[in-house]
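Since the structure comes first, as structure tokens, the remarks are kept for the end.
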Amino acid sequence: EQDPIYANKKQKLTSQDIQIARETAELFKSNIFKLQIDELLEQVKLKDKHILRMEKFLHKLYDMIQEIPDWTNKSLVDVENFFHDKIVTVPFADPKPALKNTLYKFGFLKPNVSLIGSFGLKTAIYQPRGSFVDVALTMPSELFEKKDFLNFRALHKKSVYLAYLTHHLNILFEKYGFSDFLELKYKYFDNDPLNPILTIICNPIISNNSKLNEYNFHKSRFSVNLIISIPYDIFDRKKLLPNKNCVRVQDDNITPTPFYNFSILSSTTHEHYLRYLYKTKKLTESFKEASILGRLWLSQRGFSSNISQNGGLGGFGSFEFMILMAALLNGGGVTGNKILLHGFSSYQLFKGTIKYLATMDLSDDGHLQFYSDNSNSISNKYIKGGFNTPTLFDKTTKLNLLSKLTPSAYRVLRLYAVQTYKMLNDVVKDQFENIFLVNTTKLDEIRYDIVLDFKIKSDIASLNSMFGPKEKIRFISLENFTINKISNIITLGLGDRIHGFELETLYNNNANNNNNSRTFPITKRKYQVGFDMVRVKILINPQECEKLVTRGPINGEELTPEVQQFREFWGPKCSLRRFKDGSIVNSCVWSTSATKPVVVSILEYILKHHLGDEVSLQTSDMLKFNELLPLPNIPGANSTSILNLSSFFNLKKSFDELYKILFRMELPLSIKSITPVGNSFRYTTLLQPVPFAYSNPDFLQDVVLEFETSSKWPDELTSLERTKTAFLLKIHEKLEESYADYNSYFARDESIPNNLEIITLNVLTPEGFGFKFRVLTERDEILYLRAISNARYELKAELERTFLKFTSKYLGSIRHTRTIENISHSYHLYSPTVRLFKKWLDSHLLLYHLPEELVELIAMKPFVDADPYFIPGSLENGFLKILKNLSQWNWKEDPLILDLIKPEVVGIAEESDYISHEILTTETTKKLSEKLTLAQYKTIQSNFKTMRKTDPQGLHIQFFVASKNDPSGILYSSGIQLPIATRLTALSKVAVNFIQLHGINDKTIKLLFSPGLKDYDFVFKLKIPMPLRLSSGCSGEFKNLAVDAPMSFPKDCGKIIEKMDPSHHLVKYLAKKYGNSIIFSSHLYVGIHSDRGDENVVSGLIKPLFKQEKLKFRVNMDCNVEPVDEENVKMNIKAVLSEISTFGSSLITDLQINN
Amino acid sequence: MTVKLMKNGFLVIPFILPNNNNNNNNKNNKNTTHYIYIKEHTQSSSKEEESACLFVINLPLLSHLEIVKKNFNKIFQLYNTQAIMETLLYDDEFKVKEIDLNFLTSDLDNGPDKNLTRFLPHNTCLLKFIDQENLDNAFTSLKKYSNDSNLKKKNTKMHTLQKWDGIPSPSIKDFINFYKPLDVEYLKKDINENMKYFEMKEQEAM
């Protein structure tokens, strides 16, 4: 017998059990992770033979450097004379030294050569796109004076040193025969224009001299960077702190020159940091692996050590990642507590660093201070109080390691860190691929919500006039200055309307920021390509992006500096507005539009306001997707944002009225529930609901009606359906009696195959909407199941499909509508995105074949499962992501499992490792309980596996789409024909490739939505005598057609059929008759595919079996055939086409036969 | 090679389909031939109603009994025969009758075993003649027609293929009538009757 105390104890233990179970799960996950990491590390490992060859060359290079003769004490005149007749030019930074005031001396003495960077640290990986071996050549101290850090002197000395080295290496390469395959080029180190270096590029040319070939390192994809360093302690480091002035312009010794200072100071620390990292690596077993993980993570997100001052996502590459990690191994917490421990696994080191990035603000709220000489026992500390620029300050070297990282790039970095940290904590889904393997940088339009090009006219007069002497020393280049200027304007102007942004300068439409783009020949002084365009790439905050008012400070009696600043920033757009609480506030008011997001209007205005008319929006092709959404035929549609759901709300209001009426009715059985299940209730109709637009195929919105439980429902289908109809007749009568504003009529419903007895009550409301009521009873399910068991074997599959259809239409639809409606309030772009996706599918004649619930679930993936991207913030982004997901979905092997919940709040403070403790608020508990659990996830996966066992090739069911609502995964995808599924995949592949190749413009967008009619075996063109565009609720381009838009229902309900689509029934019967051998497709929404909405097509795809020239003649072949010989027949396509032509002659205008 | 008889015993009966104006791309398609396959129906079941039947495969689109009569009669006239057709059995061109859900869901029916329901493959039916003699006449003529129609162009009189007339072309109105609201009075009546019938059956079952 069980001891009661023991039992009690056991109960107490349960919460701990859960805790342990959780930890085990965590550990398990990291074990899986470990396996994946090991495999990944193995794959990216450098090949030994490449390392050997590289080392061989580096030794040779060292020897050659030793051969270069000393050259000292040269004046600028000497330097100019020396290089005057040489190929090599001195890569002086701007401003170039002038003869009259350059009294210091230049020269060359043998450098101290050391391998730095990842190759030196042995953390390098094989990168097919190429990477670098960094070699630091430290100039001897004799070449410098104490004050050389001022006024570019050190930099110019470096440049002459570099040029002299280049000149001699060029000669030596020639001498040793290396010039056959080695090429010398100048480059800016990390794109910093103050820091020219020499890069040695190896070409795949085979030399005749086999000995020389041993030095050819082309296959390793490495280039060698020769970086000129300044000795570590030559200058007083304090004088180069970010707030100090080191470039004197006239009497100004105050204006800080942070960028310049960083450039000088960082040139002195190459070896220092190599030693620091090397020591840390020695102490930390998994440091190397974690560094590689960091490197991969960053490069998949487009981050590098390049400066981000000139645009792009730079300033945080693997070097900065390693330094941060090293710093966190010796503190980093608010109290100096260690964030990482030396014994951590690579996974834990990586995760800890990501968590730190995600949770600690290093810019506005505080910064991290560390010591890079390990002899110091003071621990590194997070200090409250930030400098409004990302700061990782090294007390030892006085260097802010994040100087190259702009606040805007840092903002994006943090977004990624927060997202990755969440992925690392995901115990349900395997996120390894999303974290390390997906390269998110391939297509800007997928990565960012909005991509806009702003043309900056060639002379850039207004910018040049702003780029005064102070700006020149602060920002160094006009490009940096411009980027900074635009960044500030965007940050201030768009505020919380966006999550982040990236800028990029372009010249002749080419990006300036490619890794290799800033090389220039050794004959040139500098990299000269300018820029004529700035590309703005934005991550939208959908919750705030379309708000109409930009609120500024309250307007008091006195003009405060804030008000002054706000007014200056916004110029004439600023006005005073009184708000509900009585306050008068300085604000800007914007207007929404169906085609242009508010964010774009603001950008256009504010950039022009600050930079003058020279800046103009050049390309905004992405926005054209907005124009593709059918515009509803209601007043003010043009100025209604795509995020506005008011037309749906109107329909819902109308339903609510009807709902109340029905519930008040006295009926033989009282109503238990009235559940709207139509797609308008979940905001997913292709066409927005418009009053009286009864040609819209979605006009009648489905409603499921349930009466209170009764045992009297008949026990056979026909009688059951008729009894249901009897109840509906009662409702109809009562409506007629007491509610004259309402009209109602009965119609047959064909939504459940093989059940021809269903009759629906269609109610037309005075507000102009229509609802289709169907009755659900507790008997239905039993009867459908009974039919399956009673049927003969051959019919069972068909009856199972009937049952599935019933389940989806009467039961699943309730859950589906509720879920989608509920979560789409949090995914603001979902509604327009799914509507555009439906349009795309209907343009390609595919929507006809796909249940809309399936379409809606597929469209939901980019929202609920956005990783490694962000939740779509624009229509085009959402749409392109759907296509991208579809194009990559290998449905034979992968199920689509959706966790249909609202987004988790990105609030970083909420993120906690200790989530299992009692600190959970009720809100989070609720959210967690709604989330798919690991067990549920596994069950779904096993459902998929079971299904694929019987159908490994996906011949019967292709798309497995499961969620908590439907763990079976096949509720909406059974019965789709294989050619349709493969066509969907193929079309999305073509679309994505096409956009990657040709970009997004008028032409490509048009093509994206043009059906490939030539792919079908035959296509009938149809013309419908009555235009359906306006009566579908779609606004027309031709005003004179406006009279056709119905403003009320006809008095006789029967008349509404005059504006219904006849082609729908033509296709339906063709499919019934010839469906065994031909797949027919057609547009479902006739109203939107032509100007008047009176054109359609019926395309036919002959199934492969029936394309054969010889088929054995069988009684049950169900195909119109002609004899070939006594045993064989072939499909008689001519006869079929002739029959169809006769059958559809009232609609058909043309037939196109494709071979 | 033209085929008049399939190896499994089906006669090949060709007909020319009427022209229509839509086949713009198909201009030389004037003589589109449609092939019907027939065989005498041997009674596998003991059903009386299936006596004197032709098993027919692949009737042209929308061929109800009157159309079949009209076109087959042309052949019978050609060979101076008469054969009176009574009905088309199991003709279910649009596959709407294949599954009788009511029958399958009802526990009230004490009728035949649900597994023994008669069905024919899609695109086939039985053409019933009033008696065996009429069937024989018909079959003989059809056989001759099949034979002659395949004699190529030597015998100019007999080779001419018959045209299959009467495929209806539904009008726009026909198509949109599918949307037409049901007549409420009719609906009420229908429901009343059905409910009564059901109650009756229910009582019988008890």
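Laboratory data are not the source of any read-out in this text; all were calculated from the coordinates shown. None of these values were measured; they are calculated from a predicted model. Using ideal geometry, Cβ is built from the backbone for each residue, glycine included, and neighbour counts are taken over all protein chains shown.
Once the chain from A:Ala986 to A:Asn209 is taken as fully extended at 0.36 nm per residue, the excess over their C-alpha distance is 274.7 nm. Charging the Cβ of each Asp and Glu at -1 and of each Lys and Arg at +1, and nothing else, the dipole of the protein assembly as shown about its Cα centre rounds to 3920 debye. Taking 30 Å as the limit for the C-alpha separation, the pairs A:Lys455/A:Lys624; A:Lys809/A:Lys949; A:Lys146/A:Lys338; A:Lys1103/B:Lys143; A:Lys47/A:Lys355; A:Lys86/A:Lys485 exceed it in the case of A:Lys146/A:Lys338; A:Lys1103/B:Lys143; A:Lys47/A:Lys355; A:Lys86/A:Lys485.
Which residue, chosen from A:Gly612, A:Thr595, A:Thr560, occupies the Cα position most advanced towards the positive end of the dipole of the range A:553-634, where the dipole is computed from +1 (Lys, Arg) and -1 (Asp, Glu) charges on Cβ about the Cα centre? Ranked along the dipole, the leading option is A:Thr595.
Peptides A:1104-1110, A:873-879 ranked from most to least packed by the mean count of surrounding Cβ atoms within 10 Å: A:873-879, A:1104-1110. Relative to the longest principal axis of the Cα atoms of chain A, the long axis of helix A:1063-1074 lies at roughly 80 degrees.
Overall, the range A:1001-1155 carries a charge dipole of about 240 debye about its Cα centre when +1 sits on the Cβ of Lys and Arg and -1 on the Cβ of Asp and Glu, all other atoms neutral.
Taking the number of Cβ atoms within 10 Å of each Cβ as an exposure proxy, the fewest-first ranking of A:Thr619, B:Thr140 is B:Thr140, A:Thr619.
With q set to 0.05, 0.06, 0.08 Å⁻¹, the log10 of I(q)/I(0) for chain A, from the Debye formula over equal scatterers at the Cα positions, is -0.44, -0.62, -1.01. Neighbour counts of C-beta atoms inside 10 Å place A:His825, A:His732, A:His1089 in the sequence A:His825, A:His1089, A:His732, starting with the fewest. For A:Ser744, the residues whose modelled amide H falls within less than 5 Å of its own, excluding neighbours fewer than 5 places apart on the same chain, are A:Leu764. Per residue of chain A, the DSSP helices (runs of n ≥ 4 H) give a summed -39500 (n - 2.57) that works out to -12000 deg cm²/dmol at 222 nm. In the range A:178-305, Cα pairs under 8 Å separated by at least six residues give a relative contact order of 17 percent.
Less than 5 angstrom separates the built amide H of A:Ser229 from those of A:Leu137, A:Thr138, A:Met139, all sequence-distant by 5 or more or on a different chain. Seen against the Cα atoms of chain A and their longest principal axis, helix A:793-806 is set at about 70 degrees. Normalised by the number of residues in the range A:277-384, the average gap of Cα pairs under 8 Å and 6 or more apart makes the relative contact order 25 percent.
Near the amide H of A:Tyr507, within less than 5 Å, lie the amide hydrogens of A:Asn512, A:Asp532, all on another chain or at least 5 residues away, with H placed in the peptide plane. The mean number of partner chain beta-carbon atoms within 10 angstrom of a residue's beta-carbon across peptide B:91-97 is 4. The loop-placed trypsin sites (Lys or Arg not before Pro) in the range A:93-134, going by DSSP, that have at most 15 neighbouring Cβ atoms within 10 Å of their Cβ come out as A:Lys122, A:Arg129. Between the helical axis of A:598-611 and the longest alpha-carbon principal axis of chain A there is an angle of about 30 degrees. Contact order, relative form, for chain A: 8 percent (alpha carbon pairs under 8 Å, 6 or more residues apart, mean separation divided by residue count). Across the range A:773-778, computed HN-Hα scalar couplings (Karplus, 6.51 cos²θ - 1.76 cosθ + 1.60, θ = phi - 60°) run 9, 10, 9, 10, 10, 6 Hz from first to last residue, x flagging Gly and Pro. Computed from backbone phi with θ = phi - 60° and the Karplus coefficients 6.51, -1.76 and 1.60, the 3J(HN,Hα) list for the range A:827-838 is 10, 4, 8, 4, 4, x, 5, 5, 5, 5, 4, 4 Hz; x is used for glycine and proline.
Cβ crowding within 10 Å, taken as a proxy for footprinting-reagent exposure, orders A:Ser1081, A:Ser673 from fewest neighbours to most as A:Ser673, A:Ser1081.
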